[in-house]
Amino acid sequence: DRQTLVAVLQFLRRSNLRESEEILRREARLLGDDLGAAALSPTGTGLLGTAGGDADSAGENALLSRVTAAATVVIGGTAAAVASSSPGVAAVAAVPPGKGVVEDQPDVSAVLSAYNQQGDPTLYEEYYSGLKHFIECSLDCHRAELSQLFYPLFVHMYLELVYNQHESEAKSFFERFHGDQECYYQDDLRVLSSLTKKEHMKGNETMLDFRTSKFVLRISRDSYQLLKRHLQEKQNNQIWNIVQEHLYIDIFDGMPRSKQQIDAMVGSLAGEAKREANKAKVFFGLLKEPEFDVPLDDEDEEGENEEGKPKKKKPKKDSVGSKSKKQDPNAPPQNRIPLPELKDSDKLDKVMNMKEAARRVRLGPECLPSICFYTFLNAYQGLTAVDITDDSSMIVGGFADSTVRVWSVTPKKLRSVKTAADLSLIDKESDDVLERIMDEKTASELKILYGHSGPVYGTSFSPDRNYLLSCSEDGTVRLWSLQTFTCLVGYKGHNYPVWDTQFSPYGYYFVSGGHDRVARLWATDHYQPLRIFAGHLADVTCTRFHPNSNYIATGSADRTVRLWDVLNGNCVRIFTGHKGPIHSLAFSPNGRFLATGATDGRVLLWDIGHGLMVGELKGHTDTIYALRFSRDGEILASGSMDNTVRLWDAVKAFEDLETDDFTTATGHINLPENSQDLLLGTYMTKSTPVVHLHFTRRNLLLAAGAYSSQ
């Protein structure tokens, strides 16, 4: 009741326990003004209830004596005054051990700015080791969760010491505790150790991120209460301030997570994703195929009936999906974003695609694909990017000497269109007009495209094979014509190197990502980007369109993968779990899953609809630069710097997933201990790192890389 509360508050004020008084007020949601001006007079003499204070003073004294009696309970060497005369309100006033009377402590909780408040620099090690001791001695179920605090607190306490120019204390703090941090933070700690002066902090991007973005920890309510109680009892304000100022604690109700569950999800620059970040609805289904009549050759009769309808060019569809005429319930509305109209040549291509698909090999654990490896020999220019057209007729390489080289991999040579004067002589009505416009004199197996002024880091063919994109260290993305083999446009938007670019599966749109930490969405006929996707805390290293073209996935050096909505530019998914920069992304043909590969040698599998990690494939020993699903989605191929291609059983990896509401709500993922039973095969090259993988329309796997002679 109110009277008891006032009496307790008074007692706390008399004993100079300001902090506890503040905490109690906050807990009871009472501010000084609410209590009435008379309730707590500054001198500490209480006027309770009515104006005639004497009438109540006897009751008040009785209460106070009860409170004082309670103050003698000693808990673990700390005298705690606990007044629990009113149910539900317990005020805990902690007195440091060894002191009978508490001196008036300065109110540290008034945080002026990020790192301005001055804790006693000599005590930082004591604070940290105190917390460390507390966490290591807590119950096993809480220890794993609370251990997540070590790293962010270590960084912020170190930065606070550096910022306030206590350089020697900062150095000894770093040396004493940096060995305790998880192994996957070693690279960040190396950057941190080089920051020893306040001036260093100003220009350092990594630290800027650490200070401006809150580090996210996901902790169960029980573990959080334990921590809060400990810090308040110990009056460990310095740590409590950092927790409130720089950390975002996402509290969930339920069982605490195990060490394995936490380890699977942490490791990014800003901790885990908030659960809110993965709640938005995502339309991961595929768009309905346009319908048109297919002229049938006699020998293709059976193949046609089997397949039932034209297959699509770029997004590789699940063959079951292509039979059904119904709209996928998870698909976006057909007109959600404007997509280009189908040209006649596109329709012809679809017919071809469909005939090929009818002869496609059904892959599985019993029927693995053949792998054809394209090795770039003597690539002393330094091969930095590869792409293969959807119909597997051309291959492009981007090189460190700033050239883009296009090869024909079929007997058909690459030819340019004739000059304008020659074109005017052609009979435009003839059937073979498309053949006649090509100039035979220009036929060759290889075309070299000059234009960039730095290494070419990404290349991408348009689905109709008329255009080619390339992006470079020079900050531009270039669009090349494959009819004339000349550069049509240079898109300037990034100010720094552009690491990756990719055409939409429908053509027209493309995405690029670079060192400036943003991804940009472009259309070929606009020289300004249509959307800018900002949110990553480090370079955007790879970009991929979802098969329905409504979403874009980006992987970054901040060790997170984000999914962006093309329509409004919002970030709709944040996936954390990789322990190194991400270098490859692949969507499953049915649009439901995403596979990601990174420098940590792990492939992680994600359920896009639920926003959950559903698998982890371990086996590679180096960076994974290439990931690709087979055309029907049964097999996932991964290629790595460890000179191997590995094949994984995608059907088995995604079957009977646990995606119940509880898992979704708390992120308690249960990954199988061993991914070896999903590994279908490992194929070594002699000494060629794998930089690109591609399944042909008949499910032959093409791989590419440059032979390295070391």
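A few points about this structure:
- Scanning region 498-537 for residues that are in a loop (DSSP other than H, G, I, E, B) and farther than 20 Å from Ala385 by Cβ yields Tyr506, Tyr508, Arg517, Asp525, His526, Tyr527, Gln528, Pro529, Leu530, Gly535, His536, Leu537.
- Taking the conditions (1) touching a residue at least 12 places away in the same chain (Cβ under 8 Å); (2) surrounded by fewer than 18 Cβ atoms within 10 Å (Cβ to Cβ); (3) aromatic (Phe, Trp, Tyr) in turn, Tyr380 satisfies each one other than (1).
- Among the residues of region 248-271, those that are open to solvent by 30 Å² or more (accessible area, probe 1.4 Å) and assigned to a helix (DSSP H, G or I) comprise Lys259, Gln260, Asp263.
- From the list Val651, Val645, the lone residue that is out of contact with any helix residue (DSSP H, G or I) (no Cβ under 7 Å at 6 or more places or on another chain), within 19 Å of Gln676 (Cα to Cα) and either modelled with pLDDT of 95 or more or not assigned by the TED database to the domain that holds Thr685 (or both) is Val645.
- Meeting the requirement of 1 or more residues that are open to solvent by less than 10 Å² (accessible area, probe 1.4 Å) and of a type in the set (Phe, Trp, Tyr), the strands (runs of 3 or more DSSP E) wholly within region 667-710 are 692-695.
- No other residue among His178, His200 is modelled with pLDDT of 85 or more, out of contact with any Gly (no Cβ under 9 Å at 6 or more places or on another chain) and open to solvent by 20 Å² or more (accessible area, probe 1.4 Å) apart from His178.
- Some residue of region 227-245 being modelled with pLDDT of 85 or more and outside any helix (DSSP H, G or I): no
- Check on Pro369, assigned to a loop (DSSP other than H, G, I, E, B) and open to solvent by less than 20 Å² (accessible area, probe 1.4 Å): yes
- Exclusive hit being in the same structural domain as Tyr467 (by the TED database), open to solvent by 10 Å² or more (accessible area, probe 1.4 Å) and in contact (Cβ under 8 Å) with a residue 60 or more places away in the chain, set Leu567, Leu563: Leu567
- Phe510 passes every criterion in (1) open to solvent by less than 10 Å² (accessible area, probe 1.4 Å); (2) at positive phi apart from (2).
- For Gly451: the one exception among (1) part of a loop (DSSP other than H, G, I, E, B); (2) in contact with a strand residue (DSSP E or B) (Cβ under 9 Å, 6 or more places away or on another chain); (3) farther than 30 Å from Val511 by Cα: (3)
- Taking the criterion of being within 49 Å of the chain's Cα centre (by Cα) and either among the small types (Gly, Ala, Ser) or part of a helix (DSSP H, G or I) (or both), the residues of region 3-19 that qualify are Leu5, Val8, Leu9, Leu12, Arg13, Arg18, Glu19.
- Some residue of region 630-644 being open to solvent by 40 Å² or more (accessible area, probe 1.4 Å) and within 20 Å of the chain's Cα centre (by Cα): no
The values are calculated or read from the model by the stated rules, or taken from the named source; none is laboratory data. Note that the structure is a prediction, hence the values are computed from the model and not measured. Virtual Cβ from ideal backbone geometry, glycine too; neighbours counted across all protein chains shown. Heads up: the accessible areas ignore ligands, DNA and RNA and are worked out on the full protein's heavy atoms, side chains in. Shrake-Rupley method; radii C 1.70, N 1.55, O 1.52, S 1.80 Å.
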